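The values are calculated or read from the model by the stated rules, or taken from the named source; none is laboratory data. Remember, it's a predicted structure, so these values are computed and weren't measured experimentally. Backbone-built Cβ (ideal geometry, glycine too); neighbour counts: all protein chains shown.
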Amino acid sequence: GALVSAHQSIGVPEPVKMFGTEAQKQEYLPRCAHGAISAFLLTESDVGSDPARLATVATPTEDGSAYLLDGVKLWTTNGVIAELLVVMATVPKHEGGRGGITAFVVEAHADGVTVENRNEFMGLKGLENGVTRFHQVRVPAENRLGREGEGLKIALTTLNTGRLSIPAMCTAAGKWCVKIGREWSAERVQWGKPVGRHEAVATKLSFMAATTFALEAVLDLSAQLADAGTKDIRIEAALAKLWSSEMAWLIADELVQIRGGRGFESADSLAARGERAVPAEQVLRDLRINRIFEGSSEIMRLLIAREAVDAHLAAAGDLASPDADTTAKAKAALKASGFYARWLPKLVVGKGSVPRSYDEFGRLARHVRYVERSSRKLARQTFYGMSRWQAGLEQRQAFLGRIVDIGAELFAMAATCSRAEMLRADEARRGQPGQGESAYALADVFCAQARLRVEALFDALWSNTDAVDRRLSHQLLDGDLAWLEAGVVDPSEGTGPWITSWTAGESAKTNVARHYR
Ligand SMILES: Cc1cc2nc3c(=O)[nH]c(=O)nc-3n(C[C@H](O)[C@H](O)[C@H](O)COP(=O)(O)OP(=O)(O)OC[C@H]3O[C@@H](n4cnc5c(N)ncnc54)[C@H](O)[C@@H]3O)c2cc1C
């Protein structure tokens with residue numbers, strides 16, 4: 001999954017398809033179609049979530065025919081076996097070019113490219129992920145994607161839909177967990193009945209099944225929106241990535257729990273003892289990275305929140321600006337109050353407040369009404385947050401995180417109800433009699449569970465430990481609580497710096513790049 005995701009959605013095919021010249025499409029797309037694997041190289045040891053400080057440099061040659069690439073890229077998924085790379089590098093401002101972060105298609109086996117390490121992780125053991133050094137690598141100017149300075153835009157635009165690979169993998173993982181959970185929980189007997197019949201396990205099974213149905217609903221809806229191509233699905237794809245990676249992790253964790261000691265045991269060890277080789281712990285390990293790469297959950301929340309709050313900041317203008325003087329603020333307040341005078345009342349009543357609305361969803365209609373009402377409530381709460389903190393709202397990451405998490409749950413609820421209704425309406429044509437009813441049951445339970453999470457998140461918007469958490473974390477970071485760590489033996493001490501630095505130059509290491517075909 002990660003191989004395909006890195007290749008297909010952020011590697012060469014998608015950015016070339018979206019931003020490439022005709023010549024680039026002719027050159028690279030057939031190669032990819034014939035099996036050339038590609039990788040996407042943005043991250044560096046000192047550049048992670050915040051890519052603006054890229055240290056890899058692409059220096060234009062004097063005659064302008066090429067760039068010379070120098071730098072070291074970290075965690076290059078597929079980088080060990082790739083034939084083609086998309087490399088993000090900073091072009092210095094120069095005569096004839098504005099410079100900035102720029103994307104290049106680079107031949108992975110060009111002179112000066114060395115894969116210095118194949119990295120190893122807690123999961124995804126098969127991932128061909130490396131450290132790649134570029135030393136004076138000549139990249140023809142025609143290999144530049146888009147214009148100089150457009151690299152991040154290209155990366156973010158391709159990621160918009162590219163992120164949907166992760167929900168797809170999460171859905172598949174959820175389905176497998178449900179299958180194993182069902183089979184095992186019916187088979188394993190403790191205290192005279194199958195463990196699945198004990199309520200503590202039954203609630204986990206219910207969560208796993210209902211959430212997996214929702215995962216597929218979110219994936220399907222987002223993917224259909226992406227395929228339709230009529231709407232910017234930046235937010236939907238980001239919500240899908242964030243929510244799916246968090247939920248799939250919880251599902252796999254519950255599977256490990258349900259499997260008891262066997263959940264913690266590797267498939268090889270189980271097989272060696274003569275039992276079925278169920279890789280539950282592997283799935284948990286493999287899923288963990290989804291919450292970190294292609295935008296960590298924290299960064300996804302900020303990204304989505306920014307989209308949501310931007311409308312308010314635009315409406316508030318100087319009101320939200322810490323630099324504006326009192327007169328400017330007063331003027332802005334007057335202008336903003338006009339906007340909000342029209343906008344706020346719309347948030348008080350809506351279709352979800354009308355008792356028999358959304359009747360076409362049968363017994364799910366109450367959930368659809370809840371989604372509609374809660375969406376308005378969410379907008380109102382966001383507004384209150386902005387009134388309270390103004391421009392400082394951006395720093396209230398815990399508040400914004402909850403706002404986004406509520407949005408994600410509501411999105412999942414809406415997708416789930418739609419999918420259940422679609423399956424019901426379509427069951428005869430698809431030759432699946434009765435599926436609609438069970439889909440309704442799954443959606444009903446999922447929505448009931450999601451509503452509890454939403455209510456808890458709404459409560460936590462204004463009743464939380466954020467302030468004391470901030471204070472305590474400052475104390476911790478300042479070293480005031482060092483006594484708490486007394487007695488710790490830390491095996492990592494003295495093994496190396498937290499972050500490697502790199503110096504330009506030829507590689508002194510063996511090239512571990514491999515050809516796979
Ligand atoms: C297996 C694997 C495969 C990968 N594949 C690729 C690849 O193919 N190409 C590629 O370019 N990169 C790849 N990466 C890199 C991956 O995208 C980054 O790890 C990810 O972007 C996070 O960056 P970081 O690890 O530097 O974390 P950091 O940015 O150092 O973040 C550390 C922590 O702080 C949080 N944080 C950071 N900034 C903020 C903020 N402003 N507000 C709140 N919280 C914040 C993060 O969420 C995280 O929890 C891969 C990584 C791994 C482990």
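Test Leu145 against the criterion of being modelled with pLDDT of 95 or more, aliphatic (A, V, I, L, M) and under 30 Å from Val57 (Cα atoms), and give yes or no. Before you say what the answer is, go through the steps one by one.
Details: modelled with pLDDT of 95 or more: yes; aliphatic (A, V, I, L, M): yes; under 30 Å from Val57 (Cα atoms): yes.
Yes; evaluated as a whole, the condition is true for this residue.
Taking Leu54, is it within 24 Å of the chain's Cα centre (by Cα) and more than 10 Å from the ligand (Cβ to nearest atom)?
Numbers: within 24 Å of the chain's Cα centre (by Cα): yes; more than 10 Å from the ligand (Cβ to nearest atom): yes.
Yes, satisfied.
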Seminar exercise, completed: Conditions (1) over 29 Å from Ile289 (Cβ atoms); (2) part of a loop (DSSP other than H, G, I, E, B) -> Thr59 fails only (2)
Problem set entry | Unique residue being in contact with a helix residue (DSSP H, G or I) (Cβ under 7 Å, 6 or more places away or on another chain), within 14 Å of the ligand (Cβ to nearest atom) and outside any helix (DSSP H, G or I) when the list is Ser5, Ser49, Ser9 | Ser49
For this session: Can you tell me which residue among Ala226, Ala248, Ala237 is part of a helix (DSSP H, G or I) and at pLDDT 95 or above?
Result: Ala248
Problem set entry | Check on Val113, touching a Leu at 6+ places or on another chain (Cβ under 6 Å), more than 16 Å from Val12 (Cα to Cα), modelled with pLDDT of 95 or more and more than 12 Å from the ligand (Cβ to nearest atom) | no
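Could you check the range 141-161 and list, in sequence order, the residues that are crowded, with 17+ Cβ neighbours inside 10 Å and free of Cβ contacts under 8 Å to residues at least 60 places away in the same chain? Before you say what the answer is, go through the steps one by one.
Step one: list which residues in the range 141-161 are crowded, with 17+ Cβ neighbours inside 10 Å, which gives 143-146, 148, 150-152, 154-155, 157-161.
Correct list: Glu148 only.
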Exercise. Can you name every residue in the range 287-310 that is crowded, with 21+ Cβ neighbours inside 10 Å and either outside any helix (DSSP H, G or I) or away from the ligand (no atom under 16 Å from the Cβ) (or both)?
Worked result: Glu294, Gly295
Seminar exercise, completed: Picking from Gly64, Gly123, the residue that is in the same structural domain as Ala23 (by TED's automatic domain parsing), more than 11 Å from the ligand (Cβ to nearest atom), in a loop (DSSP other than H, G, I, E, B) and in contact with a helix residue (DSSP H, G or I) (Cβ under 8 Å, 6 or more places away or on another chain) would be Gly64
Exercise. Is there a residue in the range 78-93 that is out of contact with any Asp or Glu (no Cβ under 7 Å at 6 or more places or on another chain) and surrounded by fewer than 17 Cβ atoms within 10 Å (Cβ to Cβ)?
Worked result: yes
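Return the only residue of Gln395, Gln449, Gln390 being over 22 Å from Ile251 (Cα atoms) and within 23 Å of the chain's Cα centre (by Cα).
Numbers: Gln449 fails: over 22 Å from Ile251 (Cα atoms); Gln390 fails: within 23 Å of the chain's Cα centre (by Cα).
Going through Gln395, Gln449, Gln390 in turn, just one is over 22 Å from Ile251 (Cα atoms) and within 23 Å of the chain's Cα centre (by Cα): Gln395.
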Exercise. Mind checking which pairs have a first residue in the range 458-479 that is surrounded by 13 or more Cβ atoms within 10 Å (Cβ to Cβ) and a second that is in a helix (DSSP H, G or I) and not small (Gly, Ala, Ser), Cβ under 6 Å, 6 or more apart or different chains?
Worked result: Ala460/Arg402; Leu461/Gln381; Leu461/Arg402
Problem set entry | Leu284 being crowded, with 16+ Cβ neighbours inside 10 Å, within 16 Å of the ligand (Cβ to nearest atom) and either modelled with pLDDT of 85 or more or not in a helix (DSSP H, G or I) (or both) | yes
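Any residue in the range 347-368 that is in a helix (DSSP H, G or I), out of contact with any strand residue (DSSP E or B) (no Cβ under 8 Å at 6 or more places or on another chain) and closer than 18 Å to Ser463 by Cβ? First the steps, then the outcome.
Start the filter on the range 347-368 by keeping residues that are in a helix (DSSP H, G or I), which leaves 351-353, 359-368.
This time we only want the ones that are out of contact with any strand residue (DSSP E or B) (no Cβ under 8 Å at 6 or more places or on another chain), so: 351-353, 359-368.
With the extra rule that they be closer than 18 Å to Ser463 by Cβ, the set shrinks to none.
Checked against the condition, which is being in a helix (DSSP H, G or I), out of contact with any strand residue (DSSP E or B) (no Cβ under 8 Å at 6 or more places or on another chain) and closer than 18 Å to Ser463 by Cβ, the range 347-368 yields no hits at all.
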